[in-house]
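See structure below.
The values are calculated or read from the model by the stated rules, or taken from the named source; none is laboratory data. Every value quoted in this text rests on a predicted model; they were computed, and no experiment measured them. Every residue, glycine as well, gets a Cβ built from its backbone with ideal geometry; the counts of neighbours run over all protein chains shown. Side chains are part of the model used for accessible areas, which takes the heavy atoms of the whole protein and leaves out ligands, DNA and RNA. Shrake-Rupley method; radii C 1.70, N 1.55, O 1.52, S 1.80 Å.
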Amino acid sequence: MLSFIMKTFRFRKLFHFIKYKPIETSIVISIILATILPLRCPTWRGYAYLNYNEIKDDLQMCLVTRRPHDFKLCPLVSPDLASHKHANKVVNETLLREMPEKLNILPGGRWFPKHCSAWQRVAIIIPYRDRKKHLDIFLQNMHPFLQAQQLDYGIFVIEQSEKHKFNRGKLFNIGYLEATKEPDFCCFIFHDVDLLPESPRHTYGCSEEPRHMCSALDTFRYVLPYPELFGGVVAFTKEQFSTVNGYSNLFFGWGGEDDDLYDRLKAKQINVRRWAPEISRFTMLFHKKETPNQHRFLLLKTVKERMDRDGLNTLDYKILSIDSLPLYTRILVDVKPK
């Protein structure tokens with residue numbers, strides 16, 4: 001009887017804590033989930049993936065027009081790349097200043113191999129606002145990384161003005177449409193500025209299906225928390241992205257747009273492609289958490305109903321400036337001009 005009374009008393013204290021201290025309760029639950037979710041399953045379980053020897057057959061080939069037809073082609077997967085590297089997370093101002101000349105980077109962050117013709121021309125699209133340190137670290141790591149893979153690439157930084165809450169999905173859509181104004185881009189990688197690849201063998205190209213590139217992230221202990229996760233770094237061909245009408249334009253604030261995009265793929269019966277965890281390893285740069293979008297769960301209930309009228313075909317924005325900088329193309333935009 002005493003034991004029953006003690007248990008009842010503890011339950012009432014817990015109920016009182018949950019009812020009258022919702023903020024503290026949310027923090028405790030978040031800490032528990034952040035600890036438990038990465039332990040749910042090892043990285044080799046819970047989802048399908050391609051091994052390293054299957055990658056070459058998975059990559060899409062879309063020849064670009066930089067070279068004569070008789071010019072030799074670069075390998076789809078560079079053969080001499082190391083299996084792992086540590087990303088440099090300290091800004092090196094000297095390196096950033098010297099990088100355009102040393103690496104022969106063209107204005108606007110463009111580069112292509114001169115001794116062979118790349119199979120794909122890749123646009124790296126980054127949504128951005130107030131993350132200068134992260135952007136510097138990203139650029140000093142990614143230019144050597146991409147050149148080692150003998151890619152034909154351009155880096156586009158889509159910067160949102162200060163007028164409205166951050167809209168990551170809309171910035172991705174804007175970057176896609178602006179990049180398609182240039183000829184030959186056939187692969188589009190939508191990339192958060194705070195994520196860096198750890199495997200040089202992780203080819204930055206497009207697959208037969210949309211690819212979730214960062215499925216093994218260090219903040220999740222290199223474990224995919226759940227198979228429906230589809231954010232951080234994703235790759236689409238032009239046809240794949242237009243089929244789902246791009247991202248939603250409605251998610252202002254943090255969260256929801258990646259889940260919306262996954263639901264669009266599911267609605268169109270398009271599968272997500274992933275590569276083996278040892279290839280898809282990424283590290284995240286530290287940053288404070290953003291304010292969540294309070295309407296994201298309501299929006300996610302209507303994906304199928306609005307996806308054909310909310311995306312690339314209804315995109316409304318205003319270009320404030322376009323600057324062809326030494327390491328990237330900066331496009332400053334107002335995401336809600338009316």
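Entry note, the range 213-279: relative contact order of 36 percent, from Cα contacts under 8 Å with a spacing of 6+ residues. Report summary: the helix-based calculation at 222 nm, which adds -39500 (n - 2.57) for every DSSP H run with n ≥ 4 and divides by the residues of the chain, gives -9000 deg cm²/dmol.
Ordering 293, 199, 46 by the projection of their Cα atoms onto the charge dipole of the chain, which places +1 on the Cβ of Lys and Arg and -1 on the Cβ of Asp and Glu, puts 293 at the extreme positive end.
Only one residue of 143, 253, 174 has its Cα farthest out toward the positive end of the dipole of the chain, where Lys and Arg carry +1 and Asp and Glu -1 on Cβ, and that residue is 253. Under the combined filter of DSSP loop state and at most 15 neighbouring Cβ atoms within 10 Å, the range 261-312 retains these trypsin sites (Lys or Arg not before Pro): 268, 288, 289, 301.
A simple packing score, the average count of other Cβ atoms within 10 Å per residue, orders the peptides 168-175, 228-235, 244-251, 130-137 as 168-175, 244-251, 228-235, 130-137, with the highest score first. Could you state the angle between the C-alpha long axis of helix 93-102 and the longest principal axis of the C-alpha atoms of the chain, as a value from 0 to 90 degrees rounded to the nearest 10? Tilt of helix 93-102: around 30 degrees.
Give me the dipole magnitude in Debye, nearest 20, for the chain about the Cα centre, with unit charges on the beta carbon: positive for Lys and Arg, negative for Asp and Glu. Don't skip to the answer; put the middle values down first.
Numbers: 49 positive and 38 negative charges, 268 e Å.
Using only the charged Cβ atoms, the result is roughly 1280 debye.
Residues within the reach of a label modelled at residue 106 (point 7 angstrom out along Cα to beta-carbon, backbone nitrogen below 16 Å), restricted to the range 143-159, are 147, 150-156. For the chain, carbon and sulfur atoms together expose 58% of the accessible surface, with a 1.4 angstrom probe and every protein chain in place.
Given +1 at the Cβ of Lys and Arg, -1 at the Cβ of Asp and Glu and no other charges, the dipole of the range 125-284 around its Cα centre is 160 debye to the nearest 20. Spin-label model, residue 298/residue 23: points 7 Å from Cα along the beta carbon direction are separated by 2.3 nm. Across the range 130-138, computed HN-Hα scalar couplings (Karplus, 6.51 cos²θ - 1.76 cosθ + 1.60, θ = phi - 60°) run 6, 9, 4, 4, 4, 5, 4, 5, 4 Hz from first to last residue, x flagging Gly and Pro.
Restricting to Cα pairs below 8 Å that are 6+ residues apart, what does the relative contact order work out to for the range 261-338? Please round to a whole percent. Walk me through the intermediate numbers first.
Values: 42 pairs, mean separation 16.7, N = 78.
Contact order relative to length: 21 percent.
Residues whose amide H lies under 5 Å from that of residue 246, counting only those 5 or more places away or on a different chain, are 312; hydrogens are built 1.01 Å from N in the peptide plane.
Length available on full extension from residue 147 to residue 254: 0.36 nm per residue minus the Cα-Cα distance, which gives 35.3 nm. Distances between placed amide hydrogens fall under 5 Å for residue 325 paired with 108, 330, all partners being 5 or more residues away or on another chain.
Using C-alpha pairs under 8 Å with a sequence gap of at least 6, the mean separation divided by the residue count of the chain gives a relative contact order of 23 percent. Taking 254, 119 and ordering them by how much accessible surface each has at a 1.4 Å probe, largest first, produces 254, 119. Computed with a 1.4 Å probe over protein heavy atoms only, the accessible surface of the chain comes to 52 Å² per residue.
Taking 24 Å as the limit for the C-alpha separation, the pairs 132/170; 163/318; 85/170; 133/266; 56/114; 89/288 exceed it in the case of 85/170; 133/266. Dividing the C-alpha radius of gyration of the range 109-179 by 2.2 N^0.38 Å, with N its residue count, gives 1.24. Could you tell me which label, among (1) 35; (2) 42; (3) 38, carries the value of percent of Cα pairs over 30 Å apart calculated for this structure? Only one option fits the structure, namely (3).
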